[in-house]
Amino acid sequence: MWRRGQKVVVIRPAPKDKFGDPVGTDSEHQVENVAIDWSGTSLNNGHGEQLVSDVVLYLPPGSDIRGGDRVRLPDGDKYAVHGKPGVWQSPFTGRRPGISVPLQMVKGGA
């Protein structure tokens, strides 16, 4: 799909029991050939206490990712899936080359 796509790691939280406690451990799997849009905004709450970073991933069709997952990007930072992954469709041709996934990382207080 992409000539120079990157590799990311999808981290799926362990299932929870009826009390909300994790059963087992988180699972991880890699997704290759991913395009990363780093142009998301980074916001500060005005006091330097909180930083919010948004990134969008473009994954190959059929990639296993869903809301609630986290993603480790090539730089080592972990982002949470922020919203619902959706099928990416060209408005010009109708072609569906993959899945777009909004990610967000929040660092700091507040």
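Assessment of the stretch 40-57 against the conditions (out of contact with any Gly (no Cβ under 6 Å at 6 or more places or on another chain), within 22 Å of R12 (Cα to Cα), in a loop (DSSP other than H, G, I, E, B) and modelled with pLDDT of 90 or more) yields no matching residue. Pull up the stretch 84-110, narrow it to residues that are over 19 Å from S39 (Cβ atoms) and of a type in the set (D, E, K, R), then point me to the one that is surrounded by the most Cβ atoms within 10 Å (Cβ to Cβ). Looking at the filtered set, the residue picked out is R96. Take the residues in the stretch 58-83 that are assigned to a strand (DSSP E or B) and touching a residue at least 24 places away in the same chain (Cβ under 8 Å); name whichever of them is surrounded by the fewest Cβ atoms within 10 Å (Cβ to Cβ). My answer is K78. Selection of the stretch 67-92 for residues being under 14 Å from I11 (Cα atoms) and among the small types (G, A, S) yields G67, G68, G76, A80. Residues in the stretch 2-30 that are in contact (Cβ under 8 Å) with a residue 60 or more places away in the chain and farther than 16 Å from D64 by Cβ: Q6 alone.
The values are calculated or read from the model by the stated rules, or taken from the named source; none is laboratory data. Note that the structure is predicted; figures quoted are calculated from it, not measured. Glycine gets a Cβ as well: all are built from the backbone with ideal geometry, and neighbour counts include every protein chain shown.
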